[in-house]
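The block underneath contains the structure these notes are about, expressed in structure tokens.
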Amino acid sequence: MALSDEELDRYARHIVLPQIGGAGQLRLKAARVAVVGAGGIGAGAIPSLTGAGVGHLTIIDDDRVEISNLQRQPLYASDQVGERKVDLAARYVGKRNPHVECRTVPDRIEAENVDAILSGHDLILDGTDNFSTRLLVSDSAVKLGIPLISAAAQQFQGQVALFRGRPCYRCFVGDAFDADDCDTCAELGVLGALTGTMGNFAALLVIRAIVGLGSGDAGVLHLFNGLTLDWRKIRIAADPGCRACGSISS
Ligand SMILES: [Zn+2]
């Protein structure tokens with residue numbers, strides 16, 4: 001695999017960085033990333049992943065655009081209310097960067113389909129807005145051995161973490177939320193710019209992981225407070241009894 005002259009031009013600001021270079025750009029081109037959720041987080045991440053030349057994107061979402069999404073989801077426009085988000089996201093990706101192969105899955109993630117949808121990817125970025133789906137995605141990522149970047153935003157609080165096996169997202173939140181769609185942003189509200197910030201930060205972690213910059217990133221939770229503007233880093237402890245990753249040696 002090589003980069004064409006057009007790609008060398010397109011990615012010139014990456015290639016000149018010694019930490020990325022042509023080799024890193026080829027790793028991005030070869031990478032297969034699944035983006036679960038094309039809402040606030042996904043719409044914040046997809047532009048950076050597309051621009052960076054991540055070669056294969058799978059976008060998974062069963063929602064259609066609602067007028068209340070437009071406060072925070074820059075992939076969609078007012079005249080697109082009612083259209084499927086994955087179709088619009090794929091159209092954006094194709095127009096922005098024809099070197100990105102974009103596959104869409106207009107289904108809701110369920111226990112029955114999650115492994116089939118996520119297998120074959122190098123990385124998963126989860127930006128869904130409920131605990132039951134996030135835990136399904138995390139358990140599947142652990143089982144399939146695929147690194148997971150999990151991102152969320154609510155009210156003025158954002159969080160992003162990269163998980164590689166153990167500890168996992170379930171170690172972090174526990175087992176209480178499997179069946180419970182509690183605390184979604186529809187009920188509690190969210191600052192629109194915050195979802196974009198956290199989604200873009202999640203894309204940064206994806207790109208770091210692909211080009212090999214993120215060796216120390218796993219198991220660290222990044223918390224951002226949109227009221228005080230403080231960033232905090234917390235190392236997540238592995239739960240010895242975790243039923244997803246408990247059998248993996250850390
Ligand atoms: Zn775990």
> For segment 54-71, which residues satisfy the criterion of being of a type outside the set (V, I, T) and crowded, with 23+ Cβ neighbours inside 10 Å?
Replying inline: L57, D61
> How many of the residues in segment 237-250 are under 29 Å from A30 (Cβ atoms) and either among the hydrophobic types (A, V, I, L, M, F, W, C) or surrounded by 18 or more Cβ atoms within 10 Å (Cβ to Cβ) (or both)?
Replying inline: 3
> So how many residues does segment 201-220 have that are more than 22 Å from A43 (Cβ to Cβ) and outside any loop (DSSP other than H, G, I, E, B)?
Replying inline: 3
> Quick one: would you say L75 is over 23 Å from L135 (Cβ atoms), touching a Leu at 6+ places or on another chain (Cβ under 8 Å), buried (at least 17 other Cβ atoms within 10 Å of the Cβ) and among the aliphatic types (A, V, I, L, M)?
Replying inline: yes
> within 11 Å of the ligand (Cβ to nearest atom), at pLDDT below 95 and of a type in the set (A, V, I, L, M), is that true of V142?
Replying inline: no
>> Cβ contacts < 7 Å: first residue surrounded by 12 or more Cβ atoms within 10 Å (Cβ to Cβ), restricted to segment 110-121; second residue basic (K, R), any location; separation 6+ or different chain. Result?
In response: D115/K143; G120/R32; H121/R32
>> Just to be sure before I move on: is G165 within 16 Å of the ligand (Cβ to nearest atom) and either surrounded by 17 or more Cβ atoms within 10 Å (Cβ to Cβ) or under 26 Å from L70 (Cα atoms) (or both) in the structure I sent?
In response: yes
> Which of (1) touching an Asp or Glu at 6+ places or on another chain (Cβ under 8 Å); (2) more than 30 Å from A23 (Cβ to Cβ) is the odd one out, the single condition L205 does not satisfy?
Replying inline: (2)
>> Give me the residue from segment 124-145 that is in contact with a strand residue (DSSP E or B) (Cβ under 9 Å, 6 or more places away or on another chain) and surrounded by fewer than 22 Cβ atoms within 10 Å (Cβ to Cβ) and, out of that set, nearest to T195 (Cα to Cα).
In response: D129
> Residues that are under 19 Å from F201 (Cβ atoms): which helices (runs of 4 or more DSSP H) entirely in segment 90-181 hold 2 or more of them?
Replying inline: 131-144, 169-173
>> Take L125 and tell me if it is within 15 Å of the chain's Cα centre (by Cα) and without any contact (Cβ under 8 Å) to a residue 40 or more places away in the chain.
In response: no
> Only one of (1) crowded, with 18+ Cβ neighbours inside 10 Å; (2) small (G, A, S); (3) modelled with pLDDT of 95 or more is not met by G214, so which one is it?
Replying inline: (3)
> What about N97, is it at pLDDT 95 or above and of a type outside the set (D, E, K, R)?
Replying inline: yes
> helices (runs of 4 or more DSSP H) wholly in segment 2-84 with at least 2 residues that are within 19 Å of L204 (Cβ to Cβ) and under 19 Å from the mean Cα position of the chain (by Cα) - which ones?
Replying inline: 21-30, 40-51
> If only one of A2, A12 is at pLDDT below 95 and loosely packed, with under 13 Cβ neighbours inside 10 Å, which one is it?
Replying inline: A2
>> Against the definition (surrounded by fewer than 17 Cβ atoms within 10 Å (Cβ to Cβ), hydrophobic (A, V, I, L, M, F, W, C), more than 16 Å from the ligand (Cβ to nearest atom) and modelled with pLDDT of 95 or more), how does L223 come out, yes or no?
In response: yes
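The values are calculated or read from the model by the stated rules, or taken from the named source; none is laboratory data. The structure presented is a predicted model; accordingly, all values stated were derived computationally and were not measured. Neighbour counts are summed over all protein chains in view; Cβ atoms, including those assigned to glycine, are modelled from backbone coordinates with ideal geometry.
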